[in-house]
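The values are calculated or read from the model by the stated rules, or taken from the named source; none is laboratory data. Quick caveat, the model's predicted, so the values are computed rather than measured. Note: ideal-geometry Cβ built from the backbone for every residue, glycine included; neighbour counts use all protein chains shown.
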Amino acid sequence: MTGVVQGRDRTPMRNAPRRSVRSLRRHRARLIVTGVLAAIACVTLLPFYWMLSSSLKTMETMFSLPIQWLPWPPNWMSYVLAWQAQDFTRYFLNSGFVAVAITLSNLLLCSLAGYSLTKFHYRGRGVTFLAVLSTMMLPLEVTMVPLFLIIKRLDWANTYQGLIVPFLVDGFGVFLMRQYMMSIPRDLIDSARIDGASELRIFWTIVLPLAKPALVALAVFTFREAWDMYIWPLIIITKDSLRTLPLGISLFMSSYGTSWDQLMAIAVLGTLPMILLFFFLQRAFIQGIAATGLKE
Amino acid sequence: MRADESSVLPRPASPMANVPAAESVLTPAVVRASARTARRRPRWSLARKQAAFGIAIIVPTLAVLAIFRFLPMVQALYLSLTAYDLVHPPRFVGLANFASLLHDPLFLKSARVSLTYVLFSVVPVLPLSLGLAVLFNQSVFVKNLLRSAIFMPVVMPAVVMAVVWTFMYQQDGVINTLLGFLGIEPIPWLRSSATALWAVILIGIWRATPYYMVIFLAGLQAIPADYYDAAKIDGASRWGTFRYITLPLLKPTMLLVIVMNVIVAMKVFAVPMIMTGGGPADSTRVLPLFIYQTAFEFFDMGRAAAMSVFLFAGVMVFSFIQVRLFTRGDESR
């Protein structure tokens, strides 16, 4: 980079001072960019910080001025009280179970479908792919009324299967896996076939391991969506023992609307699994989203 | 393509006896052809078997999608032509639901709220997320840390987001306190019909910007460095490089971001539902929220289905573009 710049410069004598000015300028530019981004980071992090710090305040100090940025001594009681106010243990387990079930089934079904759509030849494959893709046009917000009627007819309201089965597979997930599986060389699969491996075995021992990056991204993506799901449980769940965490939190909000310390404590706990997931699987998290923008 | 070939080529009645005959003639074309049949014959049933396996593994997916996506859509179309209250059987009413919706000020208001939400949460997100991506594409100190920090809103569940922002939007909450430092009078964020929608939109922007930043970053990093090197040799300015290299090459990504963002914005539900319930004075009752309330609070399924059809029409236009973007370039394969 600098080499090119020097080459353009005809007078070698002025080279040295110029370069230092340039590097100084670059350094300054780098500092400015960092500063701007840090300021923006403060804005994006403010709700997190405020949620955490308020959860440790008491109701007396909650709105006190000047702003108490570091609540001291921390009021841990809000966590205990909030957790005991409703059956949050149950809500957590429900949410976890539903999200894990949906994620596992998506991993299996989306990769099977993606494999089918890339490495097998049969009539109607193109149409099948289009049909799968077009389900992305049918968001839950559009189909929720009839879907509710279907679930009611199946007698699945207030059941785990009602929460899970409609989301066992997702058009976008299939798309994601298909895109990735196109890059898996067919020769690998063919040579395994020549070696006499069964189709299922090939899928399990060759295709799936090769698709691991896409699988991790899909898992994170799906888990996040499932953990976040609100409108569907709101429609089909009325029994307390089946409430998921988002339902529990919104119920808590409507019944303890002004106990902000406890509300923020529950908010922290509800975000914690996602934050942990994010820190352990940061790359997959970001890749899962980046993949939505990739077409090749 | 291959399916066609196999249906034309190996007439099943090509017994082994054919092969020695072909060998005795030995013109290159015949050899090639016989080689092909020889290769094909054992693979013929194998290809069938493989195709069957390929179909079998996609059947569960198709079944789930058919029952829980397509069937409801068809039913929504049917329900939209009926009056149905969950108690009495659906009664066919033709287009009455649509006609009455178009004259219902509440529905028109809701449609307008949704459009406002979509427009003002999509338009600012585009330059913001692109700008952030461009900044992150420069050399930055502690880049990973900053990127994670700015990415954090994506991690927060929607319901938690609604709760936390409701708290921050309180009259004596942190936002008004911070604005007070700048000499701005407290704003009755969620209590006034003039500001509530903007408060909700602001959250949408806060959540969406880092998400699309990641997509833009991926798009930026996909641009070959050669282009920039060439531009540098030609002495292009930074702005010129951005304007004439980066932007044109990012066009598909931009289109995708807009489309995805519009679809997500049309579906917004949890935040207005929890924060305002559609109020004050219906100012935040976005379409999905209105559909939910019509169906599950007023039990007017037919009317709700008719609203869904309107929403579907809106989503479809953009989804169609999205599907086109997703399948583009497939023809060459």
Within the stretch B:226-253, the residues that are in contact with a Phe, Trp or Tyr (Cβ under 8 Å, 6 or more places away or on another chain) and surrounded by fewer than 18 Cβ atoms within 10 Å (Cβ to Cβ) are B:Ala236, B:Thr241, B:Ile245, B:Leu249
Selection status of B:Pro153, in contact with an Asp or Glu (Cβ under 7 Å, 6 or more places away or on another chain) and crowded, with 20+ Cβ neighbours inside 10 Å = no
How about the stretch B:1-120: which helices (runs of 4 or more DSSP H) wholly inside it have at least 3 residues that are surrounded by 13 or more Cβ atoms within 10 Å (Cβ to Cβ) and at pLDDT 90 or above?
-> B:28-56, B:59-65, B:71-79, B:96-102
For the stretch B:157-169, name all the residues that are at the interface with chain A (Cβ under 8 Å from one of its Cβ atoms) and part of a loop (DSSP other than H, G, I, E, B).
-> B:Pro157
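Check whether at least one residue in the stretch B:249-261 is assigned to a helix (DSSP H, G or I), assigned by TED's automatic domain parsing to the domain that holds B:Met161 and under 26 Å from B:Ser80 (Cα atoms), and report yes or no. Talk me through it step by step, then tell me what you get.
Here is the first cut: in the stretch B:249-261, the ones assigned to a helix (DSSP H, G or I) are B:249-261.
The next check asks that each one be assigned by TED's automatic domain parsing to the domain that holds B:Met161; those that pass are B:249-261.
Checking the rest, the ones that are also under 26 Å from B:Ser80 (Cα atoms) come to none.
No, the stretch B:249-261 contains no residue that is assigned to a helix (DSSP H, G or I), assigned by TED's automatic domain parsing to the domain that holds B:Met161 and under 26 Å from B:Ser80 (Cα atoms).
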Does at least one position in the stretch A:226-244 carry a residue that is among the small types (Gly, Ala, Ser), away from chain B (no Cβ under 11 Å), surrounded by fewer than 20 Cβ atoms within 10 Å (Cβ to Cβ) and more than 24 Å from A:Ser55 (Cβ to Cβ)?
-> yes
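Which one is surrounded by the fewest Cβ atoms within 10 Å (Cβ to Cβ) among residues in the stretch B:288-314 that are of a type outside the set (Phe, Trp, Tyr) and touching an Asp or Glu at 6+ places or on another chain (Cβ under 8 Å)?
To start, the set of residues in the stretch B:288-314 that are of a type outside the set (Phe, Trp, Tyr) comprises B:288-289, B:291, B:293-295, B:297, B:300-309, B:311, B:313-314.
Then keep just the ones that are touching an Asp or Glu at 6+ places or on another chain (Cβ under 8 Å); that gives B:288, B:291, B:294, B:300-301, B:308, B:311.
On the way: B:Pro288: 26, B:Ile291: 25, B:Thr294: 24, B:Asp300: 20, B:Met301: 24, B:Ser308: 30, B:Leu311: 23.
Applying the filter and picking the extreme gives B:Asp300.
Per-residue answers, yes or no, for (1) under 25 Å from the mean Cα position of the chain (by Cα); (2) at pLDDT below 95; (3) surrounded by fewer than 20 Cβ atoms within 10 Å (Cβ to Cβ):
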{"position": "A:Thr61", "(1), (2), (3)": "no, yes, yes"}
{"position": "A:Pro74", "(1), (2), (3)": "no, yes, yes"}
{"position": "A:Cys110", "(1), (2), (3)": "yes, no, no"}
{"position": "A:Ala113", "(1), (2), (3)": "yes, no, no"}
{"position": "A:Thr118", "(1), (2), (3)": "no, yes, no"}
Return the pairs, sorted by first residue and then second, in which the second residue is in a loop (DSSP other than H, G, I, E, B) and at pLDDT below 85, the first residue lies in the stretch B:218-235 and is under 28 Å from A:Gly288 (Cβ atoms), the beta carbons are less than 7 Å apart, and the residues are 6+ apart or on different chains.
-> B:Ala218/A:Gly293; B:Ala218/A:Leu294; B:Gly219/A:Gly293
Those residues that are within 7 Å of chain B (Cβ to nearest Cβ), over 16 Å from B:Ala313 (Cβ atoms) and touching a Lys or Arg at 6+ places or on another chain (Cβ under 9 Å), I need them from the stretch A:132-148; list them, please.
-> A:Val132, A:Thr135, A:Leu147
Quick check: is even one residue across the stretch A:91-112 more than 8 Å from chain B (Cβ to nearest Cβ) and outside any helix (DSSP H, G or I)?
-> no
Could you check B:Phe141 against (1) without any contact (Cβ under 8 Å) to a residue 24 or more places away in the chain; (2) not assigned by TED's automatic domain parsing to the domain that holds B:Phe242 and say which number it fails?
-> (2)
Identify, by number, the condition in (1) facing chain B (nearest Cβ under 9 Å); (2) surrounded by fewer than 21 Cβ atoms within 10 Å (Cβ to Cβ) that A:Phe129 doesn't meet.
-> (2)
Of the residues A:Leu208, A:Leu163, A:Leu200, which is under 28 Å from B:Ile274 (Cβ atoms), of a type outside the set (Asp, Glu) and outside any loop (DSSP other than H, G, I, E, B)?
-> A:Leu163
Six or more apart or on different chains, Cβ under 8 Å: which pairs go from a residue in the stretch B:105-119 that's without any contact (Cβ under 8 Å) to a residue 24 or more places away in the chain to one that's surrounded by fewer than 20 Cβ atoms within 10 Å (Cβ to Cβ) and of a type in the set (A, V, I, L, M)? Could you list them?
-> B:Leu108/B:Leu102
For B:Trp189: the one exception among (1) buried (at least 21 other Cβ atoms within 10 Å of the Cβ); (2) part of a helix (DSSP H, G or I) | (2)
